[in-house]
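Inspection log for the structure reproduced underneath, given as structure tokens.
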Amino acid sequence: MWIFKKLFEWLAKFFGSKAGKTTLKVMGGVGLAAGAGAGVEIAVAHKRNKRAERIKAAALKKHDEGRVKVEATLADLGETKMEIYRSFGELADAIQSIQQRPEYGLSIEGIELPSFKPAEFKQLAMAIEAAAGGVGGMAVGGAVGVAAMGTGSILALAPGALLGGIVLCAMGAKMLHRSAEKVKLAKKIEADVESILVYYKELDKTAKRFHKTFMEVKEPYFKHPHKVQKIIARKTDWEKFSKAEKLAVKNAIALAQLLHRMCAVQLVLDAPKADAIERVNTPVVDRMIADANNVRDQVKKGIAA
């Protein structure tokens with residue numbers, strides 16, 4: 001024990017001296033510097049996290065603005081497609097009422113149109129009604145889904161399957177779940193958003209052009225089922241139809257075939273690989289628009305008075 005006593009006495013004497021006091025100051029300075037260093041690191045980390053949050057928030061805001069814009073365009077297109085699908089049932093019933101009607105399909109070189117089979121067109125009308133949940137109608141998300149899908153997808157849907165459907169690219173969905181506590185991750189989200197916005201812009205532009213063509217075909221088409229109904233209210237024997245009445249029926253079928261073909265085009269294609277952005281089916285849409293204009297011009301030349 002005497003050794004510890006001697007040691008404490010020496011330490012007390014040493015730190016009471018000038019050299020000891022200097023040593024204490026140095027040791028204290030080191031401690032303060034270490035504390036100050038830790039405080040700086042905390043401040044830097046806090047600042048970095050705030051910056052990351054700002055980057056993330058700005059990126060997500062841009063993403064949402066782009067998404068809302070394209071979904072509005074797709075909703076318009078989807079609503080038009082649903083109108084067309086529903087009208088197919090009315091036309092199919094009218095055409096089926098005509099006795100001795102020959103098989104008819106508009107034939108234009110280089111353009112393939114689906115054959116007009118009343119039962120199939122009636123099935124499409126029933127499928128869209130089922131998907132819409134019957135008389136309750138379809139939510140905006142469902143209209144967006146219809147716009148993006150082709151006819152085959154519509155037929156495969158169960159009742160109500162589209163009511164909550166919203167087109168949001170797979171990368172966008174993953175992006176929204178990423179953590180952005182660090183600047184690096186926040187910048188990754190920012191980069192993803194820029195890529196997604198390019199996709200949304202192309203989708204919006206292509207959907208608008210396609211919708212414009214739909215409207216140009218729908219306008220004359222919607223006049224024809226009513227014409228056919230007026231005709232069959234008076235007579236149902238094809239052989240007793242006038243030339244103008246036969247032409248009205250043929251034009252109704254030709255435009256229905258065209259619209260069926262247009263509705264079958266899938267606007268959005270799956271991403272080629274995981275973590276990639278879906279593709280806009282722009283080349284096929286462009287070809288369909290050209291074909292639609294060609295068919296519409298051919299029908300217009302012979303529209304009945």
Considering every residue within region 180-198, establish whether at least one is open to solvent by 60 Å² or more (accessible area, probe 1.4 Å), over 19 Å from the mean Cα position of the chain (by Cα) and at pLDDT below 70. yes
Output the qualifying pairs, or none if there are none: Cβ atoms under 8 angstrom, residues six or more apart or on different chains, first residue in region 222-233 and free of Cβ contacts under 8 Å to residues at least 24 places away in the same chain and more than 22 Å from Lys81 (Cα to Cα), second residue assigned to a helix (DSSP H, G or I) and of a type outside the set (A, V, I, L, M, F, W, C). Ile231/Glu245
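Which is at pLDDT 85 or above, among the aliphatic types (A, V, I, L, M) and touching a Leu at 6+ places or on another chain (Cβ under 7 Å), of Ile98, Ile84?
Ile84
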Condition check: open to solvent by less than 10 Å² (accessible area, probe 1.4 Å), under 20 Å from Val217 (Cα atoms) and modelled with pLDDT under 90. Does Val249 satisfy that? no
Conditions: (1) among the basic types (Lys, Arg); (2) within 26 Å of the chain's Cα centre (by Cα); (3) modelled with pLDDT under 95. Lys212 meets all but one. Number of the miss? (3)
With the requirement that a residue be surrounded by 14 or more Cβ atoms within 10 Å (Cβ to Cβ) and among the acidic types (Asp, Glu), what does region 86-135 give you? Glu90, Asp93, Glu120, Glu129
Kindly indicate which of Lys201, Lys230 is modelled with pLDDT of 90 or more, more than 30 Å from Ala57 (Cβ to Cβ), open to solvent by 80 Å² or more (accessible area, probe 1.4 Å) and of a type outside the set (S, T, N, Q). Lys230
Taking interchain pairs and intrachain pairs at least six residues apart, which have beta carbon atoms under 9 angstrom, with the first residue in region 61-75 and on the phi > 0 side of the Ramachandran plot and the second open to solvent by 60 Å² or more (accessible area, probe 1.4 Å)? none
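The values are calculated or read from the model by the stated rules, or taken from the named source; none is laboratory data. All of these numbers come straight from a predicted model, not from anything done at the bench. We place every Cβ from the backbone using ideal geometry, glycine too, and count neighbours over all the protein chains shown. Only protein heavy atoms, including side chains, enter the accessible area calculation; ligands, DNA and RNA are left aside. Shrake-Rupley method; radii C 1.70, N 1.55, O 1.52, S 1.80 Å.
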